[in-house]
Amino acid sequence: MIVEIGHFALVLALAAALAQTIVPAWGARIGDGDLMAVGRSSALTVFACVAIAFAALVYAHLVSDFSVLNVAENSHSAAPAIYKISGVWGNHEGSMLLWALILAIFAAIVALFGRSLPPTLRADALAVQGLISAAFLLFILLTSNPFARIAPAPFEGRDLNPILQDPGLAIHPPLLYLGYVGFSIVYSFAAAALIEGRIDAAWARFVRPFALVAWGFLTIGIAAGSFWAYYTLGWGGFWFWDPVENASLMPWLAGTAFIHSVAVMEKRDALKVWTIFLAILAFSFSLLGTFLVRSGVLTSVHAFASDPRRGVFILAILALFILGSFALFAWRAPLLKQGGLFAPVSREGALVLNNLLLTTACATVFFGTLYPLALEQLTGEKITVGAPFFNMTCGVLLLAAAAVTPVGFGLAWKRGDLLGVIQRLTVAIVAGALAAIVATAWLSGGSILAPVAMGLAIFVIVGTLIEVVMRIGRPGVSAGVALRRAAGLPLSFWGAALAHIGVGMTVLGLAGAGFGAEAIVTLHKGVAQAVGPYRITLDSVGDRVGPNYREAVATMTVRTGDRLVATIEPARRKFAAQPMTTTQAGMVTLNFGQIYVSIADPAPDGAVPARLYWKPLVTLIWLGGCAMALGGALSLADRRLRFGVARRAKAALAAAPAE
């Protein structure tokens, strides 16, 4: 019965989404406040109905209701509860329901906290968001029903894909979807601004928190997905330039450009048309990622579906929102008034340069990802565009964008002193150059990209710290005054500084990959094998039984010299319900680097084929991602960016004369 309630709730959600689309938009056109208010109640209704449907699907998974096809194909009665819950979104149908739920959450937030907005703008934004919700709910009900029944019900489920049975799956997709789908509300406000033909700093102040939320979740979601692939797939890599990985990187690049552009618009009332364009672009890339994952045009560990009907339906959604929004942009953007002017050498100018580098990098990823797929569909010819292309195009552009970061952070608004900023950054420039020189000597003959990246990373980190120090204290300033200055700086400044340091940390971690060591060996008990500055010894091989799997575990010790530093246990895991074997890497973190070991099936004599890696500084890749996301959260906590501040300020201003 609960399953049927969930299915019925989806139907009601579709009806409410259609009302959210039509009624407030019509009310905005004729100036009827009552009709515009329907958008708010409809958005809350959509959220309530989709939340009920999602809860019903979670319940079906938890109680192992195998009469539901989705549960029978993606769950097992012996699976731990965490994998039963993560199995809800570990498949196409459930993940689309999660997508619809997040769409509804963002619309509900606007409905609850958007009272400070002009009524017509809020009505149009909710109408556009309602149209997106209606399209995806219709897609779910017609092609991807998560509540479909099967009869007779099987005695046992087929279990979740063993590769996905990992805590990372419980974290990575929801975070990623909050980022992907979060840009939908930014898109909706951009479309509403185009419909209204008006955009100003107030629009930027309201949209910027949503952009920060979406960008922060997308950042941490990409980092979590990279770490999950790193330790789960057993190949020791953290980024493969897989088309679906690229599909998450493209909206992140466009979103990063947007949050910088919208800051210029908020401060200087400039870059209006460009900001609207980036808002559309970020969500368009989110939709493109959905198409790549679910259309069947590629095969990937990330891909969920290969049903051509679904691919055609998603392609239609893609065409409606991407082509429709760009047509609206071409029609209405010329009507938008341009904002204030600024000198090329200014913080605005640096942010524009940052935008150009980021969007060009995004274009190279787009071309490198889509060209092989288009060529195969048109001619049948298969080509591979891999890491060398992306590293030398997108990688170089992103390094250039990172290099601009400390300079732009130190420039003043409207008109800056470039020479003064460079003088303040002298220590950072020298530190980066020395790091690059030392790294080049250490690498002795390898790729020059790793030492350059290491030098740039040091420059970004030290340069950002210099700007922080200059803001809070100068020579002769007492500690008390410096602390008061630090407390007086806005949280958005601290958030930007932390995010920029996070960029430097990630670049430093990526650079460290060029200084690692790798060995492909067969380990025998008691025989040490060197990898980097460490020696790894196989001590024993044994079997272990889990809730729904068996695994062969190799116990190994890690030493430096004669000192024992760690014990690791890489394993090969075999699942009962699905004939699949997975690799469980053995890892230990040492001084921001990691020893990483993955094994093949042990031989009858106890020998273990293994890949051994020493990866210096690799953990900084993910710590940097966390720092970037935390920087976004700090900026979001700034009082000026909180929802409702503008409304409360207006109320206080109105009450002042009466007092």
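Every number in this text was worked out from the coordinates using simple rules, so none of it is lab data. All figures in this text were calculated on a predicted structure; none of them were measured in a lab. Methodologically, a virtual Cβ is constructed for each residue, glycine included, from the backbone with ideal geometry; neighbour enumeration extends over all protein chains shown.
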Cβ charges +1 (Lys, Arg) and -1 (Asp, Glu), total dipole of the chain, debye: 1880
Packing-based exposure ordering (other Cβ within 10 Å, fewest first) of CYS362, CYS626, CYS394: CYS626, CYS394, CYS362
Surface/4 estimate of mean projected area, convex hull on alpha-carbon atoms of the range 229-289, nm²: 4.9
The range 1-117, dipole about Cα centre (Lys/Arg Cβ +1, Asp/Glu Cβ -1), debye to the nearest 20: 320
Long-range Cα-Cα pairs in the chain (distance over 49 Å), rounded percent: 17
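Lys and Arg at +1, Asp and Glu at -1: add these up for the other residues within a Cβ distance under 14 Å of LEU590 and post the number. Don't skip to the answer; put the middle values down first.
Numbers: positive: ARG535, ARG559, ARG563, LYS615; negative: none.
Residues close to LEU590 contribute a combined charge of +4.
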Full-stretch length increase - ALA482, ALA55 - with 0.36 nm per residue and alpha-carbon distance subtracted: 148.6 nm
Residue among LEU590, VAL545, ALA517 farthest towards the positive dipole end of the range 517-615, charges placed on Cβ: LEU590
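Quick check: net charge around VAL71, other residues with Cβ under 15 Å of its Cβ, Lys/Arg +1 and Asp/Glu -1?
Details: positive: LYS84, ARG149, ARG158; negative: GLU4, ASP65, GLU73, GLU93, GLU156, ASP159.
That works out to -3.
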Spatial separation of Cα centroids for the range 481-531 and the range 569-635, in angstrom: 17
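Can you list the trypsin sites (Lys or Arg not before Pro) in the range 238-294 that are in a DSSP coil and have 12 or fewer other beta carbons within 10 angstrom?
Answer by residue number: there is no such site.
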The chain, helix-only ellipticity at 222 nm - DSSP H runs n ≥ 4, -39,500 (n - 2.57), divided by all residues, nearest 500: -21500 deg cm²/dmol
Translational diffusion of the range 1-157, µm² s⁻¹ [Kirkwood Rh, Cα pairs; Stokes-Einstein; 25 °C; 0.890 mPa s]: 152
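Please state, to two decimals, what the Cα-based radius of gyration of the range 393-513 comes to when divided by 2.2 N^0.38 Å (N = residues).
Details: Rg = 15.7 Å, N = 121, 2.2 N^0.38 = 13.6 Å.
Rg over 2.2 N^0.38 Å, computed on Cα atoms: 1.15.
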The range 517-615: C-alpha pair distances exceeding 22 Å, %: 27
Principal semi-axes in Å for the range 575-621 [√(5λ), Cα gyration tensor, largest first]: 27, 15, 7
Ranked list, fewest to most other Cβ atoms within 10 Å of each Cβ, for GLU376, GLU467: GLU376, GLU467
